[in-house]
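**Student:** Take a look at the following structure, please.
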Amino acid sequence: MKAFVQRHCASVIGTLSGFDRLLFRGTQRMLATARGMMNYLWAQQIKLTEFGDWSQELTRQVRAESEQAAADAGRPVLYVNDPCVRKEDLAREVAGRDKIQSGLVCVLSAVEPCWSYDLHRDRANKKLVLVSRRRKCLHLYHYLMHEELGLMHVRVQTWLPFNLRACLNGRSWLARQMDKAGIEYVQKDNCFTHVADPQKAQALLEEQLKTDWPALLGGLARQAAPAQERLLTLEDRPLEYYWSADQSEWATDLMFRDEKSLALVYPKLVRQGVLTLGAADVLKFMGKRLDGRFKGEAATSLKHRPQGVRLKHQVDANSVKMYDKQGSVLRVETTINDPSRFKVYRGTEAEPDKLQWRTLRKGVADLHRRAQVSQACNERYLSHLAQVECPATLGEELAPLGTGLTRDGRRYRGLRVLEDQDAKLLAAVADGRFALNGFRNADIRQALFGAADKAQARRQSGQVSRKLALLKAHGLIRRVPRTRRWVLSDQGKRVTTLLAAARNASAPELVKIAA
């Protein structure tokens, strides 16, 4: 990101990196599975023949007390029958109409799909069986103008297992923080086109990561669904919610001086992303390789919206995208729906001191690590885009590479970047899957020669070592300290980007540029 900002320092007036949209799920673990639900019924001495009446009474009380919270605050409960209606827009309309500055705005109810329980008659064994399945039930959306978080909502599922969802926006949260800190800003929609002190604002965004999430979300749950702590208990203790992040959006905003400044560079950035980012490059940002073991989907899409052009790169449920917002803000945003693609250095619940790299969880305990990998993804993407508008021409960059040189008393030949062998070598080291962790001799050997027996592999390994030494001598790659891995240098990134752009450009395009 530093390289990108340095290249556009005359136009970029500030940067902000932090959470945009956060979607949390609250689950009572014991009630989340049919087996757990059966254990709870056994503990409460509730027969399956009584389950229907018991669960319906719970639903009645949860719904009544949840709606009573709106009545006590004098706020409306509105039924939304049209699934095309954006509930947040409706809530904003109500807040604006009634001039709500804090507290409950409204409660919106809607029938939506959910996971719940049903009784199944097992005729073979002549008994009732509790099963979980997809159903539809009434959900209550409590929209709040929170004192710290701004506009957000908590959704209450009114059928067992009474799951909750809480949705908040990090940028709205930041606006409240800057109001308290006395930092002037200009906010449009969910982004800032100007911030008087971007460094202090960034520090406030980082403060969000220190939040006690269970305490914050637990308080919101008690406000939206006050009956559940009283109705669902075990040994006279309420069942606690386990909070996980179903979706997180981590946005890096680069605020340009004005719309004209961003308009000059944005089309070139889009072209760079479309021409030079293939499936392998998309995977590299998400820490995956494009090989036989990858069974998912990687795709790139370009969408023209009324607000501007959005370029999105997706790997299964996760994505990184770039778009222009409000004319003068360039946003790069990583969305994580499936954190299991990433790793976190942690212990386990049973052995918290046994630290090792493990799968990143959805639980809020790993939310700080999710922010780290999202920021790293944004920075790698911006680093790639920093090669746009390289001041050197293709000839100026490639000419020195064609000349032989001497390093540490050893003579190295010049590179022939347009000939098959050297071109294939440069394409191999610039493969997007190596951008995350670098590449090894074996990786390049596989790319250049394919599968080989043990004797052939030994000979090919020596050839690759000499080829990597040649690239190092020309300053195109560098070794990662204390490892056997290599990465592209800044010069290597410029050269390989220019070569990729030239290979993807048509002959008429090149003639037009040369003219």
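Read the figures in this text as sums done on the coordinates, not as results from a lab. Fair warning: this is a prediction, and the values are worked out from it, not measured in the lab. No Cβ is skipped: glycine too gets one built from the backbone with ideal geometry, and neighbour counts run over all protein chains shown.
**Student:** Would you work out the charge dipole size for the chain about its Cα centre, treating the Cβ of every Lys and Arg as +1 and the Cβ of every Asp and Glu as -1, and quote it to the nearest 20 debye?
**Tutor:** The dipole magnitude comes to about 2560 debye.
**Student:** Let me ask another. In nanometres, what is the gap between the two model label sites at ARG60 and ARG165, each 7 Å from Cα along Cα-to-Cβ?
**Tutor:** Rounded to a tenth, the inter-label distance reads 2.8 nm.
**Student:** Compute the FRET efficiency between PHE449 and SER383 as 1/(1 + (r/R0)^6), taking r as their Cβ-Cβ distance and R0 = 30 Å, and round to the nearest 0.05.
**Tutor:** In this case the efficiency is close to 0.50.
**Student:** Search the structure for amide H atoms under 5 Å from the amide H of ILE477, placed 1.01 Å from N in the peptide plane, and list their residues when 5 or more places away or on another chain.
**Tutor:** HN-HN under 5 Å from ILE477: LYS472, SER489.
**Student:** Hey, what do the phi angles of region 133-139 turn into as Karplus ³J(HN,Hα) couplings, whole Hz, using 6.51/-1.76/1.60 and θ = phi - 60°, x for Gly and Pro?
**Tutor:** With the stated coefficients, region 133-139 comes to 7, 6, 9, 10, 8, 6, 10 Hz.
**Student:** Quick one: what are the phi-derived ³J(HN,Hα) couplings along region 226-242, Karplus 6.51/-1.76/1.60 with θ = phi - 60°, whole Hz, x for glycine and proline?
**Tutor:** Each residue's phi maps through the Karplus curve to give x, 7, 5, 5, 7, 7, 10, 10, 9, 6, 6, 10, x, 6, 8, 7, 9 Hz.
**Student:** Continuing with the same structure: Checking the table LYS87/LYS180; LYS303/LYS325; LYS136/LYS362; LYS188/LYS268; LYS180/LYS200; LYS200/LYS312 against a 20 Å threshold on Cα-Cα, which pairs fail?
**Tutor:** From LYS87/LYS180; LYS303/LYS325; LYS136/LYS362; LYS188/LYS268; LYS180/LYS200; LYS200/LYS312, over 20 Å: LYS87/LYS180; LYS136/LYS362; LYS188/LYS268; LYS200/LYS312.
**Student:** About the Cα centre of region 394-514, how large is the charge dipole given +1 on each Lys and Arg Cβ and -1 on each Asp and Glu Cβ? Please answer in debye to the nearest 20.
**Tutor:** Computed about the Cα centre, the dipole is about 740 debye.
**Student:** Please give the contour-minus-distance gain from GLN187 to ILE46: 0.36 nm per residue of separation, less the Cα-Cα distance, rounded to one decimal in nm.
**Tutor:** Here the segment from GLN187 to ILE46 would lengthen by 45.4 nm.
**Student:** Hey, another quick one. May I ask for the Rg/Rh ratio of the chain, computed from Cα atoms with Rh as the Kirkwood radius, given to two decimals?
**Tutor:** Checking Rg against Rh, the ratio lands at 1.05.
**Student:** Using a basic spin-label model with each label point 7 Å from the Cα along Cα→Cβ, how many nm lie between ARG86 and ASP197?
**Tutor:** 3.3
**Student:** Mind listing the long-range amide H neighbours of HIS139? Cut-off is under 5 Å, sequence gap 5 or more, other chains count too, H placed in the peptide plane at 1.01 Å from N.
**Tutor:** The list, which skips near neighbours in sequence, is ALA110, VAL111, GLU112.
**Student:** Would you mind checking which residues have amide H under 5 Å from LEU151's amide H? H placed 1.01 Å from N; only 5 or more apart, or other chain.
**Tutor:** It is HIS146, by chain and number.
**Student:** For each of VAL85, VAL154, count neighbouring Cβ atoms within 10 Å of the residue's Cβ, then give the residues from fewest to most. All intermediate terms of the calculation are to be shown ahead of the outcome.
**Tutor:** On the way: VAL85 12, VAL154 24.
By the 10 Å Cβ count, ascending, the order reads VAL85, VAL154.
**Student:** Identify, among GLN421, VAL315, PHE434, the residue whose Cα sits farthest towards the positive end of the charge dipole of the chain, taking +1 on the Cβ of Lys and Arg and -1 on the Cβ of Asp and Glu, with the dipole about the Cα centre.
**Tutor:** GLN421
**Student:** Just to be sure I understand the model, the point goes 7 Å from the Cα along the line to the Cβ. What's the resulting HIS368 to LYS260 distance in nm?
**Tutor:** If labels sit at HIS368 and LYS260, their model points lie 4.6 nm apart.
**Student:** Here is a further query. Among PRO76, LEU31, ILE13, whose Cα sits farthest toward the positive end of the charge dipole of region 1-87 (+1 at Cβ of Lys/Arg, -1 at Cβ of Asp/Glu, about the Cα centre)?
**Tutor:** So the residue furthest toward the plus end is ILE13.
**Student:** Taking a spot 7 Å from the Cα of ARG466 along the direction of its beta carbon, which residues of region 396-427 have an amide N less than 13 Å from it?
**Tutor:** Once the point is set 7 Å along Cα→Cβ of ARG466, 411-413 turn out to lie under 13 Å by backbone N, inside region 396-427.
**Student:** Hey, another quick one. For a footprinting-style exposure proxy, rank ARG413, ARG7, ARG121 by other Cβ within 10 Å, fewest first.
**Tutor:** Fewest-to-most Cβ neighbours within 10 Å comes out as ARG121, ARG413, ARG7.
**Student:** I'd like the distance separating the alpha-carbon centroids of region 231-245 and region 128-204, in whole Å.
**Tutor:** 23
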